[in-house]
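As structure tokens, the structure follows; a few thoughts come after it.
The values are calculated or read from the model by the stated rules, or taken from the named source; none is laboratory data. Predicted model only: the values in this text are computed from it and were never measured. Counting neighbours? That spans all protein chains shown, and the Cβs are built from the backbone with ideal geometry, glycine included.
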Amino acid sequence: MRNYESLYIVHPEVVGDELTALVDKFQKVLGDIGAEIVKLDNWGVRKLAYPIKKVERGNYIQVLFSAEAKVVAEYERRLRLDEQILRFLTVRLDHDFPADAAESASSTSAREDDEDTADEDEEE
Amino acid sequence: MAYENTGRSTSSAPPRRRFGRRKICRYCADRDARINYKDVDSLRYYLSERGKIVPRRISGTCATHQRQIAEAIKNARQIALLPYTTSHSV
């Protein structure tokens, strides 16, 4: 088992229940193919550094999980199939998960609405 | 004779002179700091105004950390946290 961190960008027009369903879908994908999810985090809608598919903003979802190497290939294949996923990146963590990740996978996707404005000041 | 040779070395390759203070690598100075592709604010320090990765001879980073920084910046670009260039057409 190796530790991985996956970050994917969801189309900003996917909100509310749709977003929850989408995130759940990929959580389930991970679970079904034998990954152990450590943390799920929604960063909210942020401005992208450059437009992807003519979209300027995106909703960043971060997932920390540990799994076998071949799980990642299948997971990425599924991400690639979904039109609502603008971009994804999976990196292997050489070390253990950061301490704050241990508080489990419950800090989820319900906050995307109020973060919409809070994230503005992060940009230059 | 001892003009400061700012351009690339001339044909006779004069001895290279270093002027100014040697910069130190931030990540060597601070061992606790980790290079992470999500840490956009620290990585921005290593980008030029046009979004290029600043070379080691300018930033003063050590070789090990320069490699890690470059890797992190490339990851961050992939996931649209950092720009490839400032002139991305909208």
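Taking the criterion of being at pLDDT below 90 and within 21 Å of B:Arg77 (Cβ to Cβ), the only residue of the range A:61-93 that qualifies is A:Leu93.
If you go through the range A:45-62 and keep only what is more than 8 Å from chain B (Cβ to nearest Cβ) and hydrophobic (A, V, I, L, M, F, W, C), you end up with A:Val45, A:Val55, A:Ile61.
Restricting attention to the range A:41-79 and to residues that are more than 15 Å from A:Leu30 (Cβ to Cβ) and of a type in the set (D, E, K, R), the residue that is farthest from the chain's Cα centre (by Cα) turns out to be A:Lys54.
Got at least one residue in the range B:38-49 being small (Gly, Ala, Ser), within 14 Å of chain A (Cβ to nearest Cβ) and assigned to a helix (DSSP H, G or I)?
Taking every residue of the range B:38-49 in turn, at least one turns out to be small (Gly, Ala, Ser), within 14 Å of chain A (Cβ to nearest Cβ) and assigned to a helix (DSSP H, G or I).
Say we look at the range B:73-90 and pick out the residues that are within 10 Å of chain A (Cβ to nearest Cβ) and in a helix (DSSP H, G or I); which of these is surrounded by the most Cβ atoms within 10 Å (Cβ to Cβ)? Per the stated criteria, the residue is B:Ala76. Does the range B:26-37 include one or more residues that are outside any loop (DSSP other than H, G, I, E, B), more than 10 Å from chain A (Cβ to nearest Cβ) and in contact with a Cys (Cβ under 9 Å, 6 or more places away or on another chain)? Yes, the range B:26-37 has at least one match.
Scanning the range A:35-44 for residues that are among the hydrophobic types (A, V, I, L, M, F, W, C) and within 14 Å of chain B (Cβ to nearest Cβ) returns a single hit, A:Trp43.
Here is a yes/no grid of residues against (1) among the hydrophobic types (A, V, I, L, M, F, W, C); (2) assigned to a strand (DSSP E or B); (3) surrounded by 18 or more Cβ atoms within 10 Å (Cβ to Cβ):
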position	(1), (2), (3)
A:Tyr8	no, yes, yes
A:Val29	yes, no, no
A:Gly44	no, yes, yes
A:Val63	yes, yes, yes
A:Val72	yes, no, yes
A:Arg80	no, no, no
A:Leu86	yes, yes, yes
A:Arg92	no, yes, no
